[in-house]
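The values are calculated or read from the model by the stated rules, or taken from the named source; none is laboratory data. Computed from a predicted model, the values in this text were never measured in an experiment. Ideal geometry is used to build each Cβ from the backbone, glycine not excepted, and the neighbour counts take in all protein chains shown. Please note that ligands, DNA and RNA were not included when accessible areas were found on the heavy atoms of the full protein model with its side chains. Shrake-Rupley method; radii C 1.70, N 1.55, O 1.52, S 1.80 Å.
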Amino acid sequence: MPNAIPQHVAIIMDGNGRWAKKQGLLRVQGHEVGVQRVEEIIKAAQEKGIRFLTLYAFSKENWRRPKEEVEFLMGLLSSYLDKKIEVLIKNNCIFNVIGEMGDLAPTLQKKLKQAMETSKHNTGLVVTFALSYSSRREILRACQKIAEQAVRGAIQPSGITEETLSRNLYTADMPDPELLIRTSGEMRISNFLLWQISYAELYITQKFWPEFTRDEFEKALEDYKGRERRFGDTCPGRGSNESSGARAVNGGKT
Ligand code: FPP
């Protein structure tokens, strides 16, 4: 039986700079077109009935880029929040952020928190931006939280399970992504959702992010439909049953 539409799609949006260079444009112009694709893919995900869309917008490592580029990206995010978030919220989306939000400028943090607060009672697509995000740091932070609980005697070390760790990640309330898309052909995970993508299907396209249109997104979903998901089992389909593997691999979260 073909896979249905994935509940949770995560995307590493890569290649803005290379796309811009190929067009004879400035890197930052690539990021500008990248924002248009963000809007297009959010809309497409909504229409396809996807429940969670997680976009890697800025990694903890991205702070090492030239100051001007970092400032430009932060400015883009800020103007995206000013101009576009209202529509997203009106369209019943829940806006969410994962990552070390405290690294961002206070004004930006305020806008992000406001968008999260205003949209929290919506019931549609959950759009998560990973900002100043590092998966290793996320796992480390979860370990620290669990260790604190253990020191307080709230949990026994022998009682720590995969579920405990999942519940202490930023993504505690989400199912694990079934599909991870990366644009621009790089064969890397780049410190993104390392724990959560254990059983995700990978889809790597040569298209640069500014070229990743709705049609390209649909191709990725079609490709996913044809994948055989075995969850370590020998029999396809057995593990994807709600009552067994899928729930187990995503920590029982739905
Ligand atoms: C990778 O391209 C992309 C990023 C570092 C950031 C992704 C950002 C956007 C899509 C635009 C901002 C989004 C919002 C919502 C405001 P790259 O610069 O690494 O490309 P390269 O690998 O070709 O240099």
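In region 164-173, is there at least one residue being in a loop (DSSP other than H, G, I, E, B), within 21 Å of Ile42 (Cα to Cα), touching a residue at least 24 places away in the same chain (Cβ under 8 Å) and open to solvent by 20 Å² or more (accessible area, probe 1.4 Å)?
yes
Do we find that Leu140 is over 12 Å from the mean Cα position of the chain (by Cα), closer than 28 Å to Ile89 by Cβ and at pLDDT 95 or above in this structure? Steps first, please.
Working: over 12 Å from the mean Cα position of the chain (by Cα): yes; closer than 28 Å to Ile89 by Cβ: no; at pLDDT 95 or above: yes.
Criteria not met by Leu140.
Considering each of Glu32, Glu61, Glu40 in turn, give the residue that is in contact (Cβ under 8 Å) with a residue 60 or more places away in the chain, in contact with a helix residue (DSSP H, G or I) (Cβ under 8 Å, 6 or more places away or on another chain), open to solvent by 40 Å² or more (accessible area, probe 1.4 Å) and within 13 Å of the ligand (Cβ to nearest atom). So that I can check it myself, show each step before the final result.
Values: Glu32 fails: in contact (Cβ under 8 Å) with a residue 60 or more places away in the chain; Glu61 fails: in contact with a helix residue (DSSP H, G or I) (Cβ under 8 Å, 6 or more places away or on another chain).
Among Glu32, Glu61, Glu40, only Glu40 is in contact (Cβ under 8 Å) with a residue 60 or more places away in the chain, in contact with a helix residue (DSSP H, G or I) (Cβ under 8 Å, 6 or more places away or on another chain), open to solvent by 40 Å² or more (accessible area, probe 1.4 Å) and within 13 Å of the ligand (Cβ to nearest atom).
Checking the condition touching a residue at least 60 places away in the same chain (Cβ under 8 Å), of a type in the set (A, V, I, L, M) and part of a loop (DSSP other than H, G, I, E, B), which residue from Ile155, Ile197, Ile181 passes?
Being touching a residue at least 60 places away in the same chain (Cβ under 8 Å), of a type in the set (A, V, I, L, M) and part of a loop (DSSP other than H, G, I, E, B) holds for just one of Ile155, Ile197, Ile181, which is Ile197.
Among the listed residues Asn96, Asn92, Asn3, which satisfies the condition of being modelled with pLDDT under 95, over 24 Å from Arg188 (Cα atoms) and either open to solvent by 70 Å² or more (accessible area, probe 1.4 Å) or not in a helix (DSSP H, G or I) (or both)?
Only one candidate passes the filter, namely Asn3.
Looking at region 121-137, I want the residues that are at positive phi and have a partner that is in a strand (DSSP E or B) with Cβ atoms under 8 Å, at least 6 apart or on another chain. Which pairs are those?
Note: pairs meeting the criteria are Ser132/Phe58; Ser132/Ser59.
Spot the failing condition for Ala45; the list is (1) within 12 Å of the ligand (Cβ to nearest atom); (2) out of contact with any Pro (no Cβ under 9 Å at 6 or more places or on another chain); (3) open to solvent by less than 70 Å² (accessible area, probe 1.4 Å), and only one is missed.
Of everything listed in (1) within 12 Å of the ligand (Cβ to nearest atom); (2) out of contact with any Pro (no Cβ under 9 Å at 6 or more places or on another chain); (3) open to solvent by less than 70 Å² (accessible area, probe 1.4 Å), Ala45 misses just condition (1).
I need a count of the residues in region 8-25 that are open to solvent by less than 10 Å² (accessible area, probe 1.4 Å), more than 15 Å from Asn62 (Cβ to Cβ) and near the ligand (Cβ under 7 Å from one of its atoms).
0
Given the criteria closer than 21 Å to Ser59 by Cβ and modelled with pLDDT of 95 or more, does Lys207 qualify?
yes
Could you run through region 38-57 and say how many residues are under 15 Å from the mean Cα position of the chain (by Cα), charged (D, E, K, R) and assigned to a helix (DSSP H, G or I)?
So the count comes out to 1.
Could you please tell me which pairs satisfy a Cβ distance under 9 Å, a separation of 6+ or placement on different chains, a first residue in region 100-112 that is within 21 Å of Leu88 (Cβ to Cβ) and of a type outside the set (Val, Ile, Thr), and a second residue that is open to solvent by 60 Å² or more (accessible area, probe 1.4 Å) and at pLDDT 95 or above?
Taking only residues 6 or more apart or on different chains, the pairs are Met101/Lys113; Gln109/Gly102; Lys111/Asp82.
Of all residues in region 64-74, count the ones that are out of contact with any strand residue (DSSP E or B) (no Cβ under 9 Å at 6 or more places or on another chain), within 9 Å of the ligand (Cβ to nearest atom) and part of a helix (DSSP H, G or I).
Residues in region 64-74 being out of contact with any strand residue (DSSP E or B) (no Cβ under 9 Å at 6 or more places or on another chain), within 9 Å of the ligand (Cβ to nearest atom) and part of a helix (DSSP H, G or I): 1 in total.
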